[in-house]
Every structure is written in C-alpha cells, then in structure tokens.
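Below is one structure; the comments refer to it alone.
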C-alpha cells in the first residue's frame, strides 16, 4: 500500500469509527493538534484549534443537532493535503427535523 492509499484508508477508518460512536470516539481519532474550520454560514462560525477546543465546539453543535453521521462521497490526496467531500446528517435534538450538510474541504 503506497502513502496515498494509506492516508485514504486511515480516513475511511476515521469515518467508520465516528459513525459507530460519534463525539465520544473523537479523542481517540482526532489528533491533539486538530484544526476545525467551520463554513462561514454557520452560526458563530470560526476556527477551533486543538482536540479539546474542537470537542467542546462539537458538543455545543450536537446539543442542537443530536447524533451526527458522516457519509464519505469522495476523497483525494494532493501533496500533503487530503481533500474530502462528505454529507453530514443528523436531526434536531428537540424537533427531530432532519438536517443535511454537504461540504468539501482540505
């Protein structure tokens, strides 16, 4: 397995682990220096740095959204970056209204 295949395989494992346990599994799969950049349209959008800050932010988000699943649509390695297209889905914790977000990022 070359480096590109290894990176893609690891990311697919990350998605599977997330979908099994969500935020509770984040500390096991997120690097301590993770950087989370939210799209500009998100309320209070910003950049969070570090595992603890990212887990705290996701707890805020999931208090409203409930359990979240990730569907990987595509992934490509270019140089030292991984570009991902995914659909993140959940439903309102109180309302039960479905929510979908398709995004792409590096």
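The values are calculated or read from the model by the stated rules, or taken from the named source; none is laboratory data. Source: prediction; values computed, not measured. Neighbour counts are summed over all protein chains in view; Cβ atoms, including those assigned to glycine, are modelled from backbone coordinates with ideal geometry.
A few remarks follow.
- Condition met for residue 66 (loosely packed, with under 11 Cβ neighbours inside 10 Å and out of contact with any helix residue (DSSP H, G or I) (no Cβ under 7 Å at 6 or more places or on another chain)): no
- Screening residue 8 against (1) farther than 28 Å from residue 94 by Cα; (2) surrounded by fewer than 16 Cβ atoms within 10 Å (Cβ to Cβ); (3) in contact (Cβ under 8 Å) with a residue 40 or more places away in the chain leaves a single unmet condition, (2).
- Per the conditions (1) in a loop (DSSP other than H, G, I, E, B); (2) modelled with pLDDT of 90 or more, the sole criterion not satisfied by residue 72 is (1).
- Output for segment 75-105, where each listed residue is exposed (fewer than 12 other Cβ atoms within 10 Å of the Cβ) and within 15 Å of residue 6 (Cα to Cα): 78, 79, 80, 81
- When restricted to residues that are part of a helix (DSSP H, G or I), under 17 Å from residue 90 (Cα atoms) and in contact with a strand residue (DSSP E or B) (Cβ under 8 Å, 6 or more places away or on another chain), segment 23-57 contains 1.
- With respect to the conditions (1) more than 13 Å from the chain's Cα centre (by Cα); (2) part of a strand (DSSP E or B), residue 85 falls short on a single one, namely (1).
- Scanning segment 16-51 for residues that are without any contact (Cβ under 8 Å) to a residue 60 or more places away in the chain, closer than 21 Å to residue 73 by Cα and either within 11 Å of the chain's Cα centre (by Cα) or surrounded by 11 or more Cβ atoms within 10 Å (Cβ to Cβ) (or both) gives 16, 17, 18, 19, 21, 22, 23, 26, 29, 30, 36, 38.
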